[in-house]
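This report concerns only the one structure given below.
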Amino acid sequence: MSMLAAKRALRDIRSNIFLNMVSVLTIALSVFIVSAFMLFFINATDFLDGWRKGVRIIVYMTDGASEAERLSLTEAIQKTGAAQEVVFISRDEAFKDLKKKIGDQSSLLDGLDKNPLPDSLEITLKDVYRGPEDIEALAARIAGLPQVDDVEYAQKWLQRFAGVYNLFKITGLVLASIFFIATLLIIANTIRIIMFSRREEIEIIRIVGADENFIRYPLFIEAILQGFLGGFLGIVALFLAFVLTVPNLSIEGAFSFFEMRFIPVKFSLAIVLCSMTIGWIGCYFSIRKFLKL
Amino acid sequence: MSKLGSKLRLKDKGLSDMFVMHKENTIIRMFRVSKRYGKMEALSDLTLDIKDGEFVFVTGPSGAGKSTMIKLLYMGEIASEGAIIIDGVYMDRITRKQIPRLRRKLGIIFQDFKLIPTKTVFQNVALVLEIVGVKPKEIQRRTMEALERVGIDDRAGELTPVLSGGEKQRVAVARAIVGEPRIILADEPTGSLDADSASHIFQLLQDAHADGATVVVATHDQQMINTGYGRVVRLAKGRLNSEDGEMQYAGQGMDV
């Protein structure tokens, strides 16, 4: 029976090839857009995680702070429990480092009367304190300690990125919901149009003794196949776009730790499976409405 | 009307117990059947027995209720009142899911053929066997056999819209007989055919009858009726015509 239903489904697809193609392409487009957002989240999450691992807070000390004051500040920072490591960088070391970094143009610094850089403490954070809110709270706390002139961390950048990330997250969820409903309606309508265009045929089939399963099974197979093909094509199109685009994106400097990756296979399979399930649900509602005696 | 409503009404008439009796050779029994469409009564208080292996013409002018009667028999419509028993199955007790099973016992022929235009002659006929899950080889053999019987096997691969009216009706007859049903219902089978084709179709119906099928033909084709081949049941305005004695004949089938 199921083989026969599959054969009849394929025969039906052939005789409604245009309608089925439009349906599959629309599903593919929906899957492409939703998956593109998923791709962004996966990489944005990777990026944030990677960046957080390297995050540091730099504490600039007031000019002329004594050794005892430095030790006392270091102790106060360690007491917060957030610091994994606190390294003192003297103003001379910092100046040398700066000279090294600017390389050929270090002669520009020769004209300075005195070293303008302050003594500083570089704090590496424990894993659990690497969230944007934790860093911000810790920085504010440290800024209130004596002998602290300024606290620096990638505050604005972090806030901006977190903002964009959250915005995309909400947009992605909204779009995913819209496309979920759209895909459902597309499949439901395709099946409904197919059934409507074949209402006489269905009526004849019924008169000669077909039960509802005989009518339903090929349509279910058709809808699930549409979902599968649409999902598969959407993922393949996104993969091609990814392969063609990513080598042209150069990620250098501070972000060189980050390497973009495609949606993992298991997620890709889940998307296709989801698309097939949507096909099934869409078909179920259409049929339920249509096949009332 | 609901099953319960139908039963109560029969009880009111004091006749519900009559259905317990089953005359062995009665394959179709209609008892006090009425069918209303709004205020219009298409069939009114129709009581009729058809015996197993009988050939019956149901005739009458347009609007007499012939097609309605055929529709009630294959459950294309549900009776507003009364009871219908087909091959031991009480139609008012049948569930929606059981309707296909009942229809598989029937071969149905329509005036407008009701063939699927996107399918070939072969596929149209084979469909009946596909539905009941016959194996492909068997489908091939039996379908070709049915097409040969109606003399259209040479056009098995063609789509039905290219056929003439007579040929289409032969395909419809092949579809009606391929499942070897016990009952064949034909609603104006020759209504849109020329005399030659009509005669051919009538012959095919007689052949099916000769093979043992009970045949009920709703028609106003006098030529066919006048052959005297089968019993004639006359309807007028939804009622059995009492003037020609058919009521009495039909009544004889009931164990009242």
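The values are calculated or read from the model by the stated rules, or taken from the named source; none is laboratory data. Everything numeric in this text was worked out from a predicted model, so none of it was measured. Glycine gets a Cβ as well: all are built from the backbone with ideal geometry, and neighbour counts include every protein chain shown.
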- Hits in segment B:130-149 (condition: modelled with pLDDT under 95 and hydrophobic (A, V, I, L, M, F, W, C)): B:ILE131, B:VAL132, B:VAL134
- Item | Number of positions in segment A:201-243 that are more than 9 Å from chain B (Cβ to nearest Cβ), of a type outside the set (A, V, I, L, M, F, W, C) and over 30 Å from A:ARG261 (Cα atoms) | 5
- Given the conditions (1) assigned to a helix (DSSP H, G or I); (2) modelled with pLDDT of 90 or more; (3) surrounded by 14 or more Cβ atoms within 10 Å (Cβ to Cβ), report the number of the one that A:LEU273 does not fulfil. (3)
- Taking A:VAL148, is it assigned by TED's automatic domain parsing to the domain that holds A:SER66, modelled with pLDDT under 80 and among the aliphatic types (A, V, I, L, M)? no
- Can you pull out the strands (runs of 3 or more DSSP E) entirely within segment B:157-256 that have at least 2 residues that are at pLDDT 95 or above? B:183-187, B:214-218
- If we scan segment A:181-188, do we find a residue that is surrounded by 14 or more Cβ atoms within 10 Å (Cβ to Cβ), more than 20 Å from A:ASN16 (Cβ to Cβ) and more than 14 Å from chain B (Cβ to nearest Cβ)? yes
- Select the helices (runs of 4 or more DSSP H) contained entirely in segment A:1-119, then report the ones holding at least 1 residues which are within 14 Å of chain B (Cβ to nearest Cβ) and hydrophobic (A, V, I, L, M, F, W, C). A:2-15, A:17-53
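Matching residues to (1) closer than 30 Å to A:ARG216 by Cα; (2) in contact (Cβ under 8 Å) with a residue 60 or more places away in the chain:
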site: A:ASP12; (1), (2): yes, yes
site: A:ASN16; (1), (2): yes, yes
site: A:VAL31; (1), (2): yes, yes
site: A:ASP46; (1), (2): no, yes
site: A:ASP63; (1), (2): no, yes
site: A:GLU67; (1), (2): no, no
site: A:GLY81; (1), (2): no, no
site: A:SER90; (1), (2): no, no
- Task: Those residues that are among the polar types (S, T, N, Q), within 14 Å of chain A (Cβ to nearest Cβ) and closer than 15 Å to B:PHE110 by Cβ, I need them from segment B:129-175; list them, please.
- Result: B:THR160
- Note on the structure: Out of (1) within 22 Å of the chain's Cα centre (by Cα); (2) more than 10 Å from every other protein chain (Cβ to nearest Cβ), the one B:ARG101 does not meet is (2)
- Applying the selection to segment A:259-268, what residues are loosely packed, with under 14 Cβ neighbours inside 10 Å and either touching a strand residue (DSSP E or B) at 6+ places or on another chain (Cβ under 7 Å) or not in a loop (DSSP other than H, G, I, E, B) (or both)? A:VAL265, A:LYS266
- Task: Within segment B:72-86, work out how many residues are in contact (Cβ under 8 Å) with a residue 60 or more places away in the chain and within 14 Å of another protein chain (Cβ to nearest Cβ).
- Result: 4
- Query: How many residues does segment A:47-66 hold that are within 26 Å of A:GLN147 (Cα to Cα) and not β-branched (Val, Ile, Thr)?
  - Reply: 8
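To keep it simple, each residue is scored yes or no on (1) buried (at least 23 other Cβ atoms within 10 Å of the Cβ); (2) more than 18 Å from A:ILE205 (Cα to Cα).
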position: B:LYS119; (1), (2): no, no
position: B:PHE122; (1), (2): no, no
position: B:VAL125; (1), (2): yes, no
position: B:ILE131; (1), (2): no, no
position: B:GLN140; (1), (2): no, yes
position: B:GLU158; (1), (2): no, yes
position: B:ALA172; (1), (2): yes, no
position: B:PHE202; (1), (2): no, yes
- Message: Considering only segment B:31-49, I want to know if a residue exists there that is within 14 Å of chain A (Cβ to nearest Cβ) and either surrounded by 17 or more Cβ atoms within 10 Å (Cβ to Cβ) or not hydrophobic (A, V, I, L, M, F, W, C) (or both).
- Response: no
- Among the residues listed as A:GLY234, A:GLY209, the single one being assigned by TED's automatic domain parsing to the domain that holds A:CYS274, touching a Pro at 6+ places or on another chain (Cβ under 6 Å) and modelled with pLDDT of 85 or more: A:GLY209
- Task: Would you check which residues across segment B:146-156 are part of a helix (DSSP H, G or I) and farther than 26 Å from A:ILE215 by Cα and list them?
- Result: B:GLU148, B:ARG149, B:VAL150, B:ASP153, B:ASP154, B:ARG155
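For every residue, the table says whether it meets (1) more than 30 Å from A:ILE13 (Cβ to Cβ); (2) at pLDDT 95 or above.
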position	(1), (2)
B:SER44	yes, no
B:PRO61	yes, no
B:LYS66	yes, no
B:GLU77	yes, no
B:GLY82	yes, no
B:GLY88	yes, no
B:LYS97	no, no
B:PHE122	no, yes
